[in-house]
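Bear in mind these aren't lab numbers, they're just calculated from the coordinates by the rules spelled out. Small disclaimer: the values here were computed from a predicted structure and weren't measured. When we count neighbours, we look across all protein chains shown, and the Cβ atoms used for this are built from the backbone with ideal geometry, even at glycine.
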Amino acid sequence: MKKISILKSKIHGKGIFAAEGIKRGERIQYIRGERAMMKTRNKKDSREIAHWIGLGKFSWIKTEGTPFRYINHSCDPNAAIMGTKTLVALKEIGNGEEITIDYSMTDADPYWSIKCKCGSPSCRKYIRAIYTVPSEVFERHLPYIPKFFKRLYIRKQLRRKKVSA
Ligand SMILES: [Zn+2]
């Protein structure tokens, strides 16, 4: 596992930073945290679980009390969650660089929406559930997208195509 530290972030609040160099494809850390079930019914529910990481339709990892509570989103991330729990590097990450993921890849909550200020040229401005991301973003994240979210995206895309056909 790679060394990480929690430091002040330029993106938002605190963030997770590499405390050593990380190569593309390397495992950074295993995401820890208690599992929880939660079915959101409105935006208020969504806000309460804003820092949780999605595992499935209503299942989540509670990140409070772990470093992953602080992982920030970027629309051009340098890391991703592989197989629901393993944080892997999507590109070379230098010592001292902030580690980011694309939150949409592990979120299926229809009420969830946050304004993004990641500053990347490909910023989507608002980030929402996985099925709202453009297909090139989805494709770039394959093979890292957890199975549940992959299937959900494909199902919703097919439905959209049928409607517009
Ligand atoms: Zn962004």
Whole-Hz ³J(HN,Hα) for each residue in the stretch 4-19, computed from phi via Karplus 6.51 cos²θ - 1.76 cosθ + 1.60 with θ = phi - 60°, x for glycine and proline: what do you get? 10, 9, 9, 9, 5, 10, 7, 7, 6, x, 9, x, 9, 10, 5, 9
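Kirkwood Rh over Cα pairs of the chain into Stokes-Einstein at 4 °C, 1.567 mPa s: D in µm²/s?
Numbers: Rh = 16.1 Å.
My calculation gives 80 µm²/s for D.
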For the stretch 72-165, compute Rg over Rh where Rg is the Cα radius of gyration and Rh is the Kirkwood radius from the inverse mean 1/r over Cα pairs. 0.98
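Under the classification rounded if a/c is under 1.5, otherwise prolate if a/b is larger than b/c and oblate if not, where does the stretch 124-165 fall, given a ≥ b ≥ c as square roots of the Cα gyration tensor eigenvalues?
Values: a/c = 1.86, a/b = 1.27, b/c = 1.47.
Oblate shape, in that a/c is at least 1.5 and b/c is the bigger or equal ratio.
Can you tell me the order of 73-85, 55-67, 132-144 when each peptide is scored by its average per-residue count of other Cβ atoms within 10 angstrom, highest first?
Working: 73-85: 19.3, 55-67: 16.2, 132-144: 14.4.
Per-residue mean Cβ counts within 10 Å order the peptides as 73-85, 55-67, 132-144.
In debye to the nearest 20, how big a dipole does the chain give about its Cα centre with +1 on each Lys and Arg Cβ and -1 on each Asp and Glu Cβ?
Values: 35 positive and 15 negative charges, 152 e Å.
Computed charge dipole of the chain: roughly 740 debye.
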Around residue 21, which amide H atoms from residues at least 5 apart in sequence, or from another chain, sit under 5 Å from its own amide H, with H modelled in the peptide plane? 95
Which one of 103, 29, 153 has its Cα pushed farthest toward the positive end of the charge dipole of the chain, where Lys and Arg give +1 and Asp and Glu give -1 at the Cβ? 153
Taking only the alpha-carbon positions of the stretch 14-55 and ignoring solvent, what does the Debye formula give for the base-10 log of I(q)/I(0) at q = 0.15, 0.23 Å⁻¹? -0.59, -0.91
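How large is the Rg to Rh ratio of the stretch 38-82 when both quantities use alpha carbon positions and Rh follows Kirkwood?
On the way: Rg = 11.5 Å, Rh = 11.8 Å.
We get a ratio of 0.98 for the stretch 38-82.
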Give me, ordered by chain and number, the residues 5 or more places off residue 82 or on other chains with an amide H under 5 Å from its own placed amide H. 87, 88
Among all the lysines, which ones have a C-alpha under 27 Å from residue 57's C-alpha, if same-chain residues fewer than 8 places away are not counted? 39, 43, 44, 85, 115, 117, 125, 147, 150, 156, 161, 162
Go through 40-46, 17-23 and give me the packing order, highest mean Cβ count within 10 Å leading. 17-23, 40-46
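Quote the FRET efficiency, to the nearest 0.05, computed for residue 125 versus residue 58 with a Förster distance R0 of 35 Å and r equal to the Cβ-Cβ distance.
Details: r = 27 Å, r/R0 = 0.78.
According to the calculation, E is roughly 0.80.
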